[in-house]
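Readers should treat all values here as calculations from the given coordinates under stated rules, not as data from a laboratory. Computed from a predicted structure; not experimentally measured. Note that we place each Cβ from the backbone using ideal geometry, even for glycine, and neighbour counts take in every protein chain shown.
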Amino acid sequence: MTRQTSLAKLRVPLGGQEIELQQIDFDAGGMALLRTRIREGKRFTIFDIDPQTARDWGQALLDWAREQPTS
């Protein structure tokens, strides 16, 4: 059995995709995972990542966003 805790829900303004981030905890213990669910119409893309990958991905997103002009 696993526990899923919703962390954030976002909607992409230009494409309308829905993004949900969830923490996945396993009853047997071990490392928690970050589940990313992207909904595009009726199609879902779901993947689980470990904490180090989440840090690296998050940093890459922040680096990119900082380089973009603000409106």
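Taking neighbour counts of Cβ atoms within 10 Å as a proxy for exposure, in what order, fewest first, do W64, W57 appear? Don't skip to the end; give the middle numbers.
Numbers: W64 9, W57 13.
In increasing order of surrounding Cβ atoms, one gets W64, W57.
Per 0.36 nm of contour for each residue apart, how much would the distance between I46 and W64 grow if the chain were fully extended, relative to their Cα-Cα spacing?
Working: separation 18, 0.36 × 18 = 6.48 nm, distance 2.30 nm.
Length gained between I46 and W64: 4.2 nm.
Given springs between every Cα pair under 10 Å in a Gaussian network model of the chain, which of T36, T53, T45 has the largest fluctuation?
Between T36, T53, T45, it is T45 that shows the largest mean-square fluctuation.
Let me check I've understood the local charge: for Q17, count other residues with C-beta under 14 angstrom from its C-beta, Lys and Arg +1, Asp and Glu -1. What total comes out?
Numbers: positive: K9, R11, R37, R39, K42, R43; negative: E18, E20, E40.
Here the count lands on +3.
Which residue fluctuates most in the GNM of the chain (Cα springs below 10 Å): L34, L21, L61?
Comparing L34, L21, L61 in the GNM, the peak value goes to L61.
Would you mind computing, in nm to one decimal, how far apart the modelled labels at K9 and D25 are, each placed 7 Å from Cα along Cα→Cβ?
2.1
Taking the structure as given and computing log10 I(q)/I(0) by the Debye sum over Cα atoms at q = 0.16, 0.17, 0.23 Å⁻¹, which label from (1) -0.80, -0.84, -1.00; (2) -0.69, -0.76, -1.13; (3) -0.48, -0.55, -1.09 fits?
(2)
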